[in-house]
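Presented below is the structure to which this report refers.
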Amino acid sequence: MKKPYNEVIDVSRDNPHATGMKPMSFVRQVIASCIYPELIDSDKMPLDVRKRAKTLLECIGGSVGCYSDTIGIPIMRDSVSDFLTRRDEGVPSASGKIFITHGSDHGFGLLLTMLVRGDRSPLVGVLTPVPSQDFGNATLVASGATAVPYYLDGQQGWRLHTEELQRALRSAREVCDPIALYVINPGDPTGHVQSRESMEEIIRFVYEEKLLLFANEDHQDILIGEGCMFISYKKVLAEMGSPFSDAVELASIHSASKGFMGEGGLHGGYLELVNFDPSVQIEFDRLISLLVLPIIGQLALEVMLNPLQPGEPSYEHYQEEIQHIRETLVHNVTRAFEVLDSLPGISCEPINGGASMFPRLHLPHTAIHQAKEEQLPDFFYCSRLLEQTGLCVCPGSDLGLPEGTYHIRLCIMTSVDTMEEVLRRLGKFHKQFMKDFS
Amino acid sequence: MWFWGVSAVIFDKGSRTINDACLIYCLPGGGVELNPIPISLYLYILCYTISLQQRGTSAANMSQKEVNGSSHRGKVLTLETMNQNVRQVEYAVRGPMVLRAVQIEEELKKGVKKPFTEVIKANVGDAHAMGQKPITFIRQVLALCAYPALLEDDKFPEDAKLRARRILDGCGGQSIGAYSASQGIECIRKDVASYIEKRDGGIPSNHENIYLSTGASDAIVTMLKLLICGEGRTRTGVMISIPQYPLYSAALTELQGVQINYYLDEDKCWGLDVGELRRSLTAAREHCNPRALCIINPGNPTGQVQSRQCIEDVIRFAKEEGLLLMADEVYQDNVYAEGCVFHSFKKVLFEMGPEFSSVVELVSFHSTSKCYMGECGFRGGYMEVVNLDPEVKAQLTKLVSVRLCSPVSGQALMDVVVNPPQPGEPSYATFTKERAAVLADLAEKAKLTEESFNNVPGFHCNPVQGAMYTFPRITIPQKAIDQAKAAGQAPDQMYCMKLLETTGICLVPGSGFGQREGTFHFRMTILPPKEKLKYVLEKIAEFNAQFLQDYS
């Protein structure tokens with residue numbers, strides 16, 4: 001079938017390898033050596049790869065084919081808690097409170113399963129940020145919990161305002177039993193990185209309103225803005241001291257799917273519970289006991305959390321790869337800003353972190369009018385974009401944004417060439433679109 | 001019978017009045033029975049239960065306060081406020097026995113003296129953990145997929161490289177780290193369909209009917225989610241064989257489906273009898289809406305391989321009664337006994353002619369965790385759906401598509417399993433040899449186990465025709481039964497605990513799988529290496545003799 005393009009480029013969701021980013025060599029060498037241990041004895045692989053693979057294999061019972069829960073999990077949990085203690089500069093982490101998952105979405109789903117109460121009224125509610133992929137997504141819908149939207153401030157770089165949380169909570173209480181607040185930091189697709197003050201406000205809010213706090217920190221490795229720093233919710237909570245630090249029930253979620261690793265297909269992630277009732281944690285264990293997690297994903301997670309040290313043979317190359325990814329991202333963001341912000345009818349906010357850009361569309365009235373016949377205007381825009389150029393981006397309405405403002409989300413974890421092509425197709429389409437509907 | 005729970009079952013839509021309520025009794029064997037009760041009694045029990053829980057919760061909170069030193073503040077998420085279904089979930093295979101086994105391992109590490117030097121985990125079907133070797137060809141292909149630079153390495157055979165390249169071409173960006181389409185990588189689904197066609201003598205298989213999943217368990221739970229609906233008397237019931245693999249009961253508990261038990265006949269080698277299916281179904285129709293029949297062939301924990309006649313009978317029964325068939329066939333290569341053959345449900349269905357093959361709704365499950373591969377850690381699996389209503393299938397595809405795909409490394413593994421070396425290819429000879437060795441070893445251990453156990457006084461062990469387990473019936477003296485019951489333990493649970501403490505051997509008590517009232521069993525895997533297996537069999541015989549003596 002003839003089309004004006006050879007292939008579809010999908011940047012509507014965060015799938016780095018599919019859009020040209022390369023896996024980290026060290027991770028894959030270790031995984032391959034664990035899969036085929038003959039490689040450990042040969043000198044094809046660098047020494048540090050062989051050593052790491054050997055250690056990991058011993059920890060998981062000698063084969064990546066074993067059920068991980070019968071043998072490997074305690075070791076992985078220890079790795080995670082060591083990493084967290086280091087990351088949070090001494091705030092202790094106990095491996096008994098770490099749960100290995102398939103990834104962040106899965107972790108979120110497990111938490112929701114713990115909350116819901118079947119069909120009994122009132123339904124349990126979770127305050128969920130808009131815009132975000134999780135709002136109205138299947139995990140929430142299928143779980144039986146009600147997603148209560150709270151709107152991030154599009155005029156101020158997508159910040160959270162406590163007043164907005166208050167409003168959302170008040171309206172939620174009329175229709176459900178709100179029990180948790182879900183935050184994503186760094187934000188996705190917003191690219192907003194929360195300040196410590198903002199995080200402290202959130203913690204105070206959940207403490208006063210008696211809510212659980214779920215923090216998705218999947219993009220913690222990707223910081224682009226000058227002077228931007230990621231602090232974990234756990235660290236902020238601990239440093240706030242009593243009464244918050246021993247009362248607020250916090251669940252932090254992370255994975256190897258994003259960041260430099262981008263290993264979404266391998267399914268490695270974890271969540272950490274802080275201040276949860278110990279008997280509830282036992283029930284969480286019971287829920288998890290039905291699951292069997294892929295070992296390969298946990299290997300990827302382990303390498304991510306326990307990276308190479310200076311002096312090791314693969315260290316330099318590893319650092320080069322990270323540097324290259326960083327440079328690619330900065331380049332992509334700069335280019336995207338250059339190209340898109342200069343077009344009429346699109347405006348871009350600078351992003352500080354995360355893996356997406358979220359430009360705003362200022363659509364002409366004619367387009368909005370025509371769209372409304374069948375669908376939401378930004379969806380209309382994205383459908384035409386896909387049909388005409390083979391470029392797939394995500395409409396802001398899919399992420400919960402209400403009528404009136406229109407956005408598209410495009411992922412920036414792509415190779416430089418892919419980003420050029422994305423911008424070429426998008427730029428060309430957009431100019432034509434604005435002309436056609438002027 | 002134990003009182004299991006109270007359920008506020010039916011709210012009149014819109015008016016929020018309780019129409020009906022019942023007490024749920026847990027039957028030995030794991031089934032449930034519902035008895036309607038007056039609303040007043042229900043409310044009384046509910047209040048009493050809540051007050052008990054509150055007392056318990058306040059106690060917990062008190063100690064939390066003491067520990068945390070925080071001021072009077074309860075937890076947001078408590079045993080009382082959380083999802084009650086999760087609390088009911090039990091999965092014996094990884095339950096209390098395993099927890100204790102892990103504890104004992106820690107104690108051994110710390111140097112605590114015991115009458116044994118290691119814990120032998122004969123409770124779960126984890127072949128590699130028990131020393132089974134992975135198949136070389138499989139690991140070569142997967143290593144190539146994980147680190148494609150190895151494609152330049154001439155240590156790897158061409159046929160492995162060919163398959164790796166095919167798989168990588170199906171992956172986004174040639175990487176197994178990219179998310180794939182949720183239903184699974186298309187070229188792999190096509191390979192699965194070809195495999196099924198070949199296996200079933202040419203009966204066509206369409207890759208659009210194949211869903212790659214995270215092990216078979218994931219696909220089974222997905223189908224159950226699709227099936228379970230209704231309320232009270234119209235709540236979906238699912239027929240499962242007793243003894244059963246407790247994933248089914250655990251999933252039904254979590255999803256609030258109704259479990260309908262049908263008993264396999266221990267005296268007839270765990271055979272399935274249609275009369276028993278009918279009895280069970282008729283009784284179930286009193287309190288729920290039976291919609292599916294699950295069957296595991298070869299069986300877990302029972303190890304029987306169903307005869308072709310039996311499979312035809314089940315298909316006929318499913319057609320007559322309007323039931324969807326769920327055929328769990330993960331052990332399809334594990335067939336040992338003389339005269340036993342694996343017949344896939346799909347093949348038999350189609351060979352019964354269009355009267356059945358165009359009507360009966362069938363879902364078949366397979367996995368990479370068992371058979372000769374034993375690759376549990378990869379989480380590879382698939383289901384094939386046959387004769388589903390097209391609109392339902394669209395819903396299934398939707399349900400699957402809003403989740404993430406199954407792990408891509410597991411999908412890759414499944415591709416190798418369905419696309420093994422062919423005669424003439426470089427790896428064919430080694431592959432065939434390794435595969436045959438694994439299966440022959442299992443067959444030998446199956447025979448050894450059956451013979452051994454049948455020589456133990458008080459044991460009756462059916463032939464292990466297939467799968468990986470033995471499920472002997474054991475004798476527990478009345479004195480032991482009484483002691484167990486007084487301690488609130490199932491007698492075979494007590495037996496297995498004592499066995500664990502005395503010998504370090506971890507098994508799963510039969511009560512975890514369901515069994516006829518008054519009978520006791522345990523499930524043991526036949527996976528330990530032969531010498532270790534002999535040791536295990538000896539130790540169990542010794543323990544059993546002592547046990548019978550102690551409780552005579």
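The values are calculated or read from the model by the stated rules, or taken from the named source; none is laboratory data. These numbers were taken from a predicted model, which means no experiment stands behind them. Virtual Cβ from ideal backbone geometry, glycine too; neighbours counted across all protein chains shown. Note: areas computed on protein heavy atoms with side chains; ligands, DNA, RNA excluded. Shrake-Rupley method; radii C 1.70, N 1.55, O 1.52, S 1.80 Å.
Structure summary
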quantity	calculated
Inter-probe distance in nm under a simple model that places probes 7 Å from Cα toward Cβ, at A:I282 and B:K113	3.2
Rough spin-label spacing in nm, given labels placed 7 Å along Cα→Cβ, for B:E320 and B:E351	2.2
Local net charge near B:L323, Cβ-Cβ under 10 Å (Lys/Arg +1, Asp/Glu -1)	-1
Per-residue HN-Hα couplings for the range B:400-411 [Karplus 6.51, -1.76, 1.60; θ = phi - 60°; Hz; x = Gly/Pro]	6, 6, 8, 9, 6, 5, 6, x, 5, 5, x, 5
Inter-chain shielding of A:295-301 (mean C-beta neighbours from other protein chains, 10 Å cut-off)	5
GluC sites (Glu not before Pro) within the range B:439-538: DSSP coil, no more than 16 neighbouring Cβ in 10 Å	B:E517
Between the range A:242-262 and the range B:454-495, the alpha-carbon center distance in angstrom	46
Cβ-derived FRET efficiency at R0 22 Å, B:S552 paired with B:A486, nearest 0.05	0.75
Point-charge dipole on Cβ atoms (K/R +1, D/E -1) for chain A, about Cα centre, debye to 20	740
Accessible surface ranking that places the most exposed of B:R139, B:R316, A:R326, A:R77 first, with a 1.4 angstrom probe	A:R326, B:R316, A:R77, B:R139
Residue-level accessible surface for A:C392, protein heavy atoms, 1.4 Å, Å²	30
Computed [θ] at 222 nm, helices only, for the protein assembly as shown once each DSSP H run of length n ≥ 4 contributes -39500 (n - 2.57)	-13500 deg cm²/dmol
Amide H contacts under 5 Å for B:N289, placed H, 5+ residues apart	B:R235, B:T236, B:G237
Computed over chain A: relative contact order in percent, which uses C-alpha pairs under 8 Å that are six or more apart	21
Dipole in debye (nearest 20) - chain B, about Cα centre, beta carbon charges: Lys, Arg +1; Asp, Glu -1	1300
Quotient of C-alpha Rg and 2.2 N^0.38 Å, computed over the protein assembly as shown	0.95
Neighbour cut-off at most 15 other Cβ (10 Å), DSSP loop, trypsin sites (Lys or Arg not before Pro), the range B:225-298	B:R285
Heavy-atom accessible surface that A and B bury in contact, both chains counted, 1.4 Å, Å² to 100	5900
R0 of 56 Å, Cβ-Cβ distance B:A440-A:K372: FRET efficiency to nearest 0.05	0.20
Ordering of A:50-63, B:103-116 by burial proxy (mean other Cβ atoms within 10 Å per residue, highest first)	A:50-63, B:103-116
Furthest towards positive pole of dipole, B:L500, A:S33, B:G353, structure part the protein assembly as shown, Cβ charges	B:L500
Karplus-derived 3J(HN,Hα), 6.51/-1.76/1.60, for each residue of the range A:412-429, Hz, glycine and proline x	10, 7, 10, 5, 4, 4, 4, 5, 4, 5, 4, 5, 4, 5, 5, x, 4, 4
Chain lengthening between B:V102 and B:T432 when straightened (0.36 nm per residue, less Cα-Cα)	115.1 nm
Computed lengthening from A:K210 to A:S415, 0.36 nm per intervening residue step minus Cα-Cα distance	69.4 nm
Over 27 Å between alpha carbons, listed pairs A:K51/B:K190; B:K114/B:K534; A:K2/B:K198; A:K235/A:K258	A:K51/B:K190; A:K2/B:K198
Sequence-distant residues sharing a close amide H with A:T146 (under 5 Å, placed H)	A:V124, A:G125, A:V126
Pairwise FRET efficiency - B:V402 versus B:N206, Cβ, R0 = 25 Å, nearest 0.05	0.65
Within the range B:336-397: Cβ-based charge dipole about Cα centre, in debye rounded to nearest 20 (Lys, Arg +1; Asp, Glu -1)	260
Calculated log₁₀ intensity ratio I(q)/I(0) where the Debye formula runs over C-alpha points of chain B, q = 0.11 Å⁻¹	-1.12
Cα centroid separation - the range B:264-342 against the range A:1-65, whole Å	42
Extreme residue, positive dipole direction of the protein assembly as shown, given options A:T128, B:Y382, B:C288 (C-beta unit charges)	B:C288
Of the chymotrypsin sites (Phe, Trp or Tyr not before Pro) in the range B:319-408, those whose Cβ has at most 14 other Cβ within 10 Å and which sit in DSSP loop	none
In order through the range A:167-177: 3J(HN,Hα) via Karplus (6.51 cos²θ - 1.76 cosθ + 1.60), integer Hz, x for Gly, Pro	4, 4, 5, 4, 5, 5, 5, 7, 10, 7, 10
Proximal aspartates and glutamates to A:K428, defined as alpha-carbon separation beneath 13 angstrom and excluding residues fewer than eight positions away on the same chain	A:E420, A:D436
Spherically averaged projected area of chain A from its Cα convex hull (nm²)	23.0
DSSP beta bridges in chain A [antiparallel fraction, %, rounded to 5]	50
